[in-house]
Amino acid sequence: LGNTGKETGYFLREVAYPYSILKEAGHNINFCSPKGGKVSADPLSLDYGDDKTIINFYENDEIQKRLSSTSNPQIINSKDYKCIVFTGGHGTMWDFPKNSELEKLTREIYEKNGLVGAICHGPAIFANLKLTDGSYLVSGKKISCFTDDEERHVKLEKEVPFLLESKLISLGANHTKADKFQPHVEIDNRVITAQNPPSSSKFGEALVENLKTI
């Protein structure tokens, strides 16, 4: 995590809730990561107490097996998917913006009328993501993400390579937000984004509702 010497990874709540909600709605889900293989949860997200949704996800042997062998985006065929979802955790700020394969996959799914979802730091995927016509995918769209104020609140604004809210605004996004650490989901033209971990449940519900139209 920057120069802190601390580990980061995916933020557990932001994976467990959307996954569980999508799964309950009958969707097939594949796990993918920037390089494929094993992924780890951000240690800060592991204090989940008696949260049944997270327990049923994280303490499930089959799910853990899948998280130990995620797909590499290079081998995924975009034609097989109606939706791609990017969850957060600070690690995305380094991994997503430089991954051309994830960008290609996202562009292809979106341009074939699929959905793109991203929560918290997941919208880091949009930092360099352009459509075939050369425009940024977020340009002119209402987009939510982990806010600059939230980054300052957790005292990591000087560790991350850029401030996500400011970056997306610079690309032409119309950034929307709630107060710090309050749930907020934005939907605009097949792009569904959410602000933070407390938004995880509403984010999953929005994905399910909008997949009905795809």
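For segment 37-111, count all C-alpha to C-alpha pairs, find those more than 13 Å apart, and express that count as a whole percent of the total.
Across segment 37-111, Cα pairs with separations above 13 Å total 75 percent.
Taking Ile192, Ile55, Ile125 as the candidate residues, the one with maximal mean-square fluctuation in a Gaussian network model of the chain, Cα springs under 10 Å, is Ile55. With 0.36 nm allotted per residue and the present C-alpha distance subtracted, the Asn210-Asn189 stretch has 6.5 nm of extension available. If R0 is 45 Å, what FRET efficiency do you get for Asp179 and Asn60 from their C-beta distance, rounded to 0.05? That gives a FRET efficiency of 0.85.
Counting protein heavy atoms only, segment 1-75 has 45 percent of its accessible area on carbon and sulfur, 1.4 angstrom probe. The per residue volume of the convex hull around the alpha-carbon atoms of segment 162-214 is 84 Å³.
Per residue, the chain exposes 49 Å² of solvent-accessible protein surface, assessed with a 1.4 angstrom probe and all protein chains in place. Using the Cβ-Cβ distance between Ile169 and Ser68 with R0 set to 41 Å, the FRET efficiency from 1/(1 + (r/R0)^6) comes to roughly 0.65.
Annotation: lysines with alpha-carbon distance below 20 angstrom to Lys180 (same-chain offsets under eight excluded): Lys142, Lys155, Lys158, Lys167, Lys202.
When the chain is treated as a Gaussian network with alpha carbon springs shorter than 10 Å, the biggest mean-square fluctuation among Leu156, Leu102, Leu115 belongs to Leu156. Think of the chain as having a plus end and a minus end, set by charges on the Cβ of Lys, Arg, Asp and Glu; of Val160, Ser69, Thr106, Thr106 sits farthest toward the positive end of this dipole. At q = 0.14, 0.15, 0.16, 0.22 Å⁻¹ the log10 of I(q)/I(0) for segment 1-128 amounts to -0.61, -0.71, -0.81, -1.53, computed by Debye summation with a single uniform scatterer per C-alpha, solvent ignored.
Comparing Lys202, Lys130, Lys65 in a Gaussian network model of the chain where C-alpha atoms under 10 Å apart are linked, the largest mean-square fluctuation is found at Lys65. Note on segment 72-114: Kirkwood hydrodynamic radius from all Cα pairs is 11.0 Å, rounded to one decimal. Of the accessible area of segment 107-146, computed with a 1.4 Å probe over protein heavy atoms only, carbon and sulfur atoms account for 42 percent.
The values are calculated or read from the model by the stated rules, or taken from the named source; none is laboratory data. All figures in this text were calculated on a predicted structure; none of them were measured in a lab. We place every Cβ from the backbone using ideal geometry, glycine too, and count neighbours over all the protein chains shown. Protein only, heavy atoms only, side chains kept; ligands, DNA and RNA dropped before computing areas. Shrake-Rupley method; radii C 1.70, N 1.55, O 1.52, S 1.80 Å.
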